[in-house]
Amino acid sequence: MTDFFDALETRSQDERNAAQMAVLPAQIAHAKSNTKAFAELLRDVDPDSINSLYALAQLPVIRKSELLERQQANRSQDPFGGFSAVVRGPEMQRIFASPGPIYEPEGTTKDYWRTARALFAAGFRQGDLVHNAFSYHMTPGAFILESGAMALGCTVFPAGTGQTEQQLQAMTELCPAAYTGTPSFLRILVEKAIESGRDISSLKKASVSGEAFPPSLCQWLAEQGITGYQSYATADLGMIAYETAAREGLLIDEGVIVEIVRPGTGDVLPDGEVGEVVVTTLNTAYPLIRFGTGDLSAILPGTCPTGRTARRIKGWMGRADQTTKVRGMFVHPAQVAEISKRFEAVTKARLVVSGEMSNDQMCLKVETATPSEDLAKALADAVRDITKLRADVDMVACGTLPNDGKVIEDARSYE
């Protein structure tokens, strides 16, 4: 088992699906019984019926905006908006705040955020000293990685952010083997070390997150003797997916169920189609069901060359919330989806907003195998009915629109 964190990583996809679907009904029942929010949101749902991916896909997507609204509605009574299944005291060891602010509880289970698996894939091992440069202030970033490192048997230096000179001094004197933090700050540390002649050659591996990790930076770090891997985690969900030595997308964590849905809807897309990452976590302390991350990605075909068998996503590909203001009115991805659903002949739609300041123009581009003037007129009427705005309609052949997850494209000039 030296190559894998545990046996879960190499089980067949059928075994994984069966295991997850076996516990999913209990997780739904737990969420309904122990959280006010899901008691309301899933009031008409029979937990025992949610025993397949198809059944799961029929449940509503809970987006971060709704979570924030529920938290704001009753801050003094329940800062978590009714989504937490644990209360302050022995079951909840910390509370964090993310921008919004959105408050997140931390339960007491070992490796609560499930990051040990990702760190293991990045080469972290028992006995390593980890230089943790994520923020220890209010947000959970540092604790998310720290808990996983400690679960692996690593020792953690809580470096936090900033104070480059002091961090370099600590690195030269403590000789850490590994780094966790943003890739851009790691580059700053390495460049400063080179510039000042400091020896941080003990640093050989890194798990980076929080921002893009372009191949050019990955290669530059490798040239400095540091092998870096990226991971994808959020304060709400913990670890979602992580990179392996194969460097072919990000492997989905064993503790979550990931769907890719059309932005603005809960409709699951075929593998390969770019859409919003929606996650169901099997965490009983904070049991988020079909939680929309607002991030875009796509499922990759096949399995990881390392021998791990979980599905993979391409990685972060942009934001799914493409809400745009046109002529003083907000237009939402869900409205574009509603327009499409009215017409069986439409297989895909994309609203393009163009023009210059104070001269907004909208064009609804739709893929259809049966274009006609009647369809174009009906689509234009639907746009006006749903958005209260006028738009041209452009019908194109199926497969013409880009596979980039965009439902609303803002092509206006702001110069």
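Rule-based calculations on the coordinates, nothing more; no lab input. The structure presented is a predicted model; accordingly, all values stated were derived computationally and were not measured. Glycine also receives a Cβ, built like all others from the backbone with ideal geometry; neighbour counts cover every protein chain displayed.
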Phi angles of region 330-335, converted by Karplus (6.51 cos²θ - 1.76 cosθ + 1.60, θ = phi - 60°) into ³J(HN,Hα) in whole Hz with x for Gly and Pro, give 7, 10, 10, x, 4, 5
If r is the Cβ-Cβ distance from THR161 to GLU373 and R0 is 56 Å, what FRET efficiency results, to the nearest 0.05?
-> 0.40
For ALA18 and THR400 in the same chain, what is the full-extension length gain: residue separation times 0.36 nm, less their Cα-Cα distance, in nm?
-> 133.8 nm
One finds, for MET317 and ALA26 with R0 = 45 angstrom and r their Cβ-Cβ distance, a FRET efficiency to the nearest 0.05 of 0.85
Subtracting the Cα-Cα distance of ARG390 and GLU191 from 0.36 nm times their residue separation yields 66.3 nm
What list of ³J(HN,Hα) values in whole Hz, one per residue of region 53-64 in order, does the Karplus curve 6.51 cos²θ - 1.76 cosθ + 1.60 (θ = phi - 60°) give from phi, with Gly and Pro shown as x?
-> 5, 5, 5, 4, 5, 7, 7, x, 7, 9, 9, 4
How do TRP220, TRP316, TRP113 line up, fewest other C-beta atoms within 10 Å first?
-> TRP220, TRP316, TRP113
Assuming a viscosity of 0.890 mPa s and a temperature of 25 °C, what translational diffusion coefficient in µm² per second does Stokes-Einstein assign to region 324-410, Rh being the Kirkwood radius over Cα pairs?
-> 190 µm²/s
Percent breakdown of C-alpha pair distances by 5 Å bin, ordered from the shortest bin, for region 171-233 = 4, 19, 32, 27, 13, 5, 1
Determine, at each q value in 0.08, 0.13 (inverse angstroms), the log₁₀ of I(q)/I(0) that the Debye formula gives when each Cα of the chain is one equal point scatterer.
-> -0.50, -1.19
If you find the alpha carbon centre of region 375-389 and of region 237-308, how far apart are they in angstrom?
-> 34 Å
Computed label-point distance, nm, for sites ASP381 and GLN224 using a 7 Å Cα→Cβ extension = 6.3 nm
Counting only residues 5 or more places away or on other chains, whose amide H sits under 5 Å from the amide H of LYS348 once H atoms are built in the peptide plane?
-> GLU367
If we sort 203-212, 342-351 on the protection proxy, mean other Cβ atoms within 10 Å, highest first, what's the order?
-> 203-212, 342-351
What base-10 log of the normalised intensity I(q)/I(0) is obtained for region 231-366 from the Debye formula, alpha carbons as equal point scatterers, at q = 0.12, 0.13, 0.20 Å⁻¹?
-> -0.56, -0.64, -1.13
Gain upon complete extension [ALA212, ASN34; 0.36 nm per residue less C-alpha separation] | 60.4 nm
Going from the fewest other Cβ atoms within 10 Å to the most, one would list ILE102, ILE28, ILE339 as ILE102, ILE339, ILE28
Mind giving me the FRET efficiency for MET138 and ALA7? R0 is 56 Å, r the Cβ-Cβ distance, nearest 0.05 is fine.
-> 0.90
What's the exposure ranking of MET395, MET171, going from fewest to most Cβ atoms within 10 Å?
-> MET395, MET171
What are the lysines whose alpha-carbon lies under 29 Å from the alpha-carbon of LYS204, with same-chain residues fewer than 8 places away excluded?
-> LYS110, LYS192, LYS314
Using alpha-carbon coordinates, inclination of helix 183-196 to the longest axis of the chain, degrees | 40 degrees
